[in-house]
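Scroll down for the structure; my scribbles are underneath it.
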């Protein structure tokens, strides 16, 4: 059965019905390229989330919660535009970055709580 290799577009005779690539090297190169493309497309968001997470780890450093001013966090490079999940905290849906719950308080203060689930 003749098939076309998705990487090189060359025609080859498949030895098995499920064979998609002419060589194992083509399969590896193709899948590595897919993974690289996916990583690159996520990099913009992942970079911001990772920076936010590092900032929160440093600020909480062993504490369960802390209240900080919004401008202080922004000055450290924190972005309030990205988060990776939402949890219900005290009956209200809150944005989270990994194990940290972010609560916006009055007067531009932000309360950060370490979620006990993690």
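The values are calculated or read from the model by the stated rules, or taken from the named source; none is laboratory data. Note that the structure is predicted; figures quoted are calculated from it, not measured. All Cβ positions, glycine included, derive from the backbone under ideal geometry; neighbour counts span all protein chains shown.
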Subset of segment 55-73 that is without any contact (Cβ under 8 Å) to a residue 40 or more places away in the chain and surrounded by 13 or more Cβ atoms within 10 Å (Cβ to Cβ) - its residue that is nearest to residue 103 (Cα to Cα): 73
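Does residue 17 satisfy being in contact with a strand residue (DSSP E or B) (Cβ under 8 Å, 6 or more places away or on another chain), exposed (fewer than 12 other Cβ atoms within 10 Å of the Cβ) and in a loop (DSSP other than H, G, I, E, B)?
no
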Checklist (1) over 20 Å from the mean Cα position of the chain (by Cα); (2) exposed (fewer than 12 other Cβ atoms within 10 Å of the Cβ); (3) under 17 Å from residue 53 (Cα atoms) applied to residue 90, failing item: (3)
Name the residues in segment 64-101 that are within 16 Å of residue 45 (Cβ to Cβ) and in contact with a strand residue (DSSP E or B) (Cβ under 7 Å, 6 or more places away or on another chain), would you? 83, 84, 85, 86, 95, 96
Checking residue 35 against (1) at pLDDT 95 or above; (2) under 14 Å from residue 115 (Cβ atoms); (3) loosely packed, with under 15 Cβ neighbours inside 10 Å, only one condition comes out false. Which one? (2)
